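Student: Have a look at the structure that comes next, please.
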C-alpha cells in the first residue's frame, strides 16, 4: 500500500457574478448582441444544487431577527460581510441596467399595443432584474394573465412564473387579487415567453433555472423581503423574495396572525 499523497483534483471553475466577469451585453447604453456561445460559456454543469446553495450563503447573512432588539438586528444585518457583498453587486448591476431595459423594450415592441408591461427592478432591493408582461384584460376587464421574468445577477440563470388575477371591488377601492401562481406557463402566454427567452439568449446567454430547485430551503439565512415565519428558498436568494401570494394563501396568513 503506497503512502504517497494523492494529488487533489482540480476544482471546477467557480461561477463569478457580474462583479468578476465582463458579461456579454453589459456596459453600453445601446447594447450590442451577446458574444457567440463559443466565446463565452458559463460553467453551467458546475452549478449544482449544492453550489447554488453555497452562492446563496455568500450573499445573504446568517442572522436571526432579534425580536427584542430590532436596532441591534438591523446593525448586524447591514454590516454583515455577505450583505456588503450583495450591496456592492446590486450597485454594479444597477449601473449596467441599460442592457436589461433594452431587453424589456425589445419584448414590448413585439407585443400587441394593448398588452401591459412593468419593469419592477428596484436598485438595491433584489438579486435580479425582473419585469412583468401582461396580456390584455378579459371578461369585461376583470381578469388578467401575466408572465413575470427574473434574471439573476448572482448566477447565469433566469426564471419565471405565471400569475392569474381578478379585479375585486371594495367599498373604497378596487384591487387585483391573485388566484394562481405557477411555473407552468399556459399556451396563451407561451409566445410572450418565447420572445423574452430569445432576447435573454442573445443579450446574456443565460439558461432557464431548474424550477425543481426553486423551493430548496436555506436554514438560518435571512433574506430581505422574504417571509420571516418560513425558511427562505433559492428563489428568494438567487432571484427575488417578491412573489405574489394567492388569495387563499393571504387568507391563511391573516388567520395565523389573528389572536
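Student: Yes or no: the stretch 142-159 includes at least one residue that is in contact with a strand residue (DSSP E or B) (Cβ under 7 Å, 6 or more places away or on another chain), loosely packed, with under 15 Cβ neighbours inside 10 Å, part of a loop (DSSP other than H, G, I, E, B) and modelled with pLDDT under 85.
Tutor: Yes, because at least one residue in the stretch 142-159 is in contact with a strand residue (DSSP E or B) (Cβ under 7 Å, 6 or more places away or on another chain), loosely packed, with under 15 Cβ neighbours inside 10 Å, part of a loop (DSSP other than H, G, I, E, B) and modelled with pLDDT under 85.
Student: Residues 70, 65: which one is loosely packed, with under 13 Cβ neighbours inside 10 Å, in contact with a helix residue (DSSP H, G or I) (Cβ under 8 Å, 6 or more places away or on another chain) and either under 14 Å from residue 154 (Cα atoms) or at pLDDT below 85 (or both)?
Tutor: None of the other options fit; the residue is 65.
Student: Any idea how many residues of the stretch 106-121 are out of contact with any strand residue (DSSP E or B) (no Cβ under 8 Å at 6 or more places or on another chain) and surrounded by 13 or more Cβ atoms within 10 Å (Cβ to Cβ)?
Tutor: Of the residues in the stretch 106-121, 2 are out of contact with any strand residue (DSSP E or B) (no Cβ under 8 Å at 6 or more places or on another chain) and surrounded by 13 or more Cβ atoms within 10 Å (Cβ to Cβ).
Student: Then there's this: How many residues, within the stretch 127-141, are over 12 Å from residue 115 (Cβ atoms), outside any strand (DSSP E or B) and within 24 Å of the chain's Cα centre (by Cα)?
Tutor: Residues in the stretch 127-141 being over 12 Å from residue 115 (Cβ atoms), outside any strand (DSSP E or B) and within 24 Å of the chain's Cα centre (by Cα): 1 in total.
Student: Run residue 170 past the list (1) at pLDDT 85 or above; (2) loosely packed, with under 13 Cβ neighbours inside 10 Å; (3) farther than 26 Å from residue 201 by Cβ and report the number of the one that doesn't hold.
Tutor: (1)
Student: Is it true that residue 229 is exposed (fewer than 15 other Cβ atoms within 10 Å of the Cβ), over 26 Å from residue 119 (Cβ atoms), in contact with a helix residue (DSSP H, G or I) (Cβ under 9 Å, 6 or more places away or on another chain) and modelled with pLDDT of 85 or more?
Tutor: no
The values are calculated or read from the model by the stated rules, or taken from the named source; none is laboratory data. All values reported here derive from a predicted model rather than from experimental measurement. In this analysis, Cβ positions are derived from the backbone assuming ideal geometry, glycine residues included, and neighbour counts consider all displayed protein chains.
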